[in-house]
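The values are calculated or read from the model by the stated rules, or taken from the named source; none is laboratory data. In this text, all values refer to a predicted model and were calculated from it rather than measured experimentally. Positions of Cβ are backbone-derived with ideal geometry, glycine not excepted, and every protein chain shown enters the neighbour counts. What goes into the accessible areas is simple: the full protein's heavy atoms, side chains included, and nothing from ligands, DNA or RNA. Shrake-Rupley method; radii C 1.70, N 1.55, O 1.52, S 1.80 Å.
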Amino acid sequence: MLIEQTLPAPVGGVSQMPPHLRGPAQVTEAVNTFPSLLEGLGVRQGTTLVSSFPVLRDPSSSHTIDWSPDASGRYLVTVGSSGVAITDVRTGTTYIPESGQHWDEIIGSEEDTFAAYEGAFYGSVTNPNSFTSTVIGDTLYIAVENFSRVRWASTQAPVSPAEALVKIEAVAPEIFHKFALDGVTITTEGSPFNNTVPGYVALIMALDARDVPALNDRYEFTPLEDGTIRITRKDATDQSPIQLSSGNQPEWLTITTNVISGADKLPEKAPEGFVIRVAGLSTTTVDDYWVIRQNDRWTECVAPGANTEIDPYLMPWALKLTGRVDGIPGFKFGPIKWALRRAGDDTSNPLPVVDGINTIFSTEQRLGITAGTTIILSESNNPQNLFRTTITQLLPSDPVNIKSTVGPNAPYHTFVQWDNSTYLWSEQAQVEVEGDPVITPTTIALSMESRFENDPDVPPVVVGSRIYFARAVNGYTRVYEYWRPPGYNMPPRVDEVTEMVPTYLIGNPTRLVADDSLGFIGVMTDTSDNTLYVCHFTRDGNGQVQPRWHRWEFPECSIHAIRMMNGQLQMVTSRTSEGVVYIESLDVANPAPMHTDLPYDLDTYAVDPVVVLDGFFIRDRQGAVTQKRWVIRNLTLDHLRTFRARVDNVDDTTELLRVTRQPI
């Protein structure tokens, strides 16, 4: 008996629902096909070679970045344990940047030091998501999670010894000058020199002080021509206040110690290089600051002996476009100079020391760093400065350093800008970062937005008004869509895109890309480096995704990274050629053209495309019901709209069970 059935084009994608509940166009499996609702079932396209370049190490941990440093080029930056490569996706030219200590402002630029850190930088990479990156202006910052941190370098401000001043303001026969230092009084009372010029009086009093062993052991006394005695503590490590007091009215003699109670106590004149700590209003030292006499004016400075420089080797490194020669761009990559601490000390202007950077990002022209639940933002419009520029006032542009107490105590792994707001994602929650009207040290606030679990090693992908994220459930990957329903102050909701294929994406997620305008989602898992799970989708009248899942295989190929650019899927791959990395581009929006044998460079569409459909249910003589499947192999480029499937050699005693399948 010959059994025939006319079926619609199998363009509904894979469904793991029971066969009688599936839509008429859904299938059990689809490999290397393209389910086009407009053109019917087709074959996926092959890849086009964009560029290739040699590698020195394993490229499997590659991370890609979409970078446009100027209007003349758009680049796919590939960074991994192999190094850095910049590919112009328009011309296909790949550039390897100069590497090393090329930044003139770097302090201590010994090549052997850089070589040691370079090995550690790349050697710390364990997977593609070890890297975190962000773009600010024309600079691309790149950090490695297991390597990058915020630490002091060894550079310190000079340890200026504590000093004080005694200034002879007036001389006259009836004036006897007097001051007390550490309880010892020095006076001109009874001296015949009190009626001479101030400089000479200062000399006599300095000599008298030197004659006191208890004072001479601890201080140096330097008389100056203008009538000032400069008192310098010999132990430079002792920065405690000098105990100095005046025995005269201010019109005759004034004193200035190394610690004063306010800026109004600063003397109008002082020796060049004289340093004073100005105590703030607080009962603690949190608002104390230091000033130094330079060029006849008081200038705020860092505390004597304080650390001033961040270790540039451990901070995020930078990739910069250095210019063009005859249209050919030049690039440099390596550690860069970070702003010095120029005011305060470890209390009033601390370095936000962290042992491991989880992610870097940019918002409102600030460089952001997360370490655990600590959030650090650079100075506004100065991404390489993590310090306050003055302690005398808290400026809106000052850096921000806060520790989140919102939600679970889980590290923030991704920063996203979405729905006109900014959010930090942890493995268990989504936290909004707010500032009214902008983020400043006094306006920043964190609030819980939602609690949806996600994989911290696969950053969520923002595509227009939607965010796609993935997580592993019992050894399979699930993909979700995060969106906000219309209406005032509506909370975000999540719809599962893999609801009909809960065990189709085998393994834990490793990479995720999406393009909402093309209706495309691509997912890779840790079970195969040459399989891409693909979802083409449309939306219903309520805006919800109508997914069509299938998978694409790329034989003799290892895919190390994927990214959507210009409506194309850019893939970083390696093939049978050892020591070469390829940048390949794949059209994910259209099936291979009909009746056309396109000359693809590395990958071909004719890689055993297969569609498996559920066919008839057949009951034999004993009453057992078995299911027959139609398997379509060796698809041609003639797209399938409808087709007839047939089963031969079914004897007359079997009964064909008609099953009506309703769309879900």
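Arranged from highest to lowest average of other beta-carbon atoms within 10 Å per residue, in what order do the peptides 446-454, 355-363 appear?
Highest to lowest by the protection proxy: 355-363, 446-454.
Less than 26 Å apart at the alpha-carbon level, and either on another chain or at least 8 residues along: which lysines does that give for Lys265?
Leaving aside lysines fewer than 8 places away in the same chain, those within reach of Lys265 are Lys167, Lys178, Lys234.
Quick one: grab the alpha carbon gyration tensor of region 299-438, order the square roots of its eigenvalues as a ≥ b ≥ c, and give me rounded if a/c is under 1.5, else prolate or oblate depending on whether a/b is larger than b/c.
Oblate shape, in that a/c is at least 1.5 and b/c is the bigger or equal ratio.
List the lysines whose alpha-carbon lies under 22 Å from that of Lys320, not counting same-chain residues fewer than 8 positions away?
Once the sequence-local lysines are set aside, what remains near Lys320 is Lys332, Lys337.
Given a 1.4 Å probe, how much area per residue of region 270-366 is accessible, in Å²?
39
For Trp549, what accessible surface area do you get with a 1.4 Å probe? Give it in Å², rounded to 10.
The accessible area comes out at roughly 10 Å².
With the other protein chains left in place, how much accessible area per residue, in square angstrom, belongs to region 396-445 at a 1.4 angstrom probe?
46
Protein chains only, probe 1.4 Å: how do Thr498, Thr442 rank by accessible area, largest first?
Descending accessible area places them as Thr442, Thr498.
Measure off 7 Å from each Cα along the Cα-to-Cβ vector at Glu364 and Tyr488, then give the distance between these two points in nanometres to one decimal.
For the pair Glu364/Tyr488, the computed spacing is 2.6 nm.
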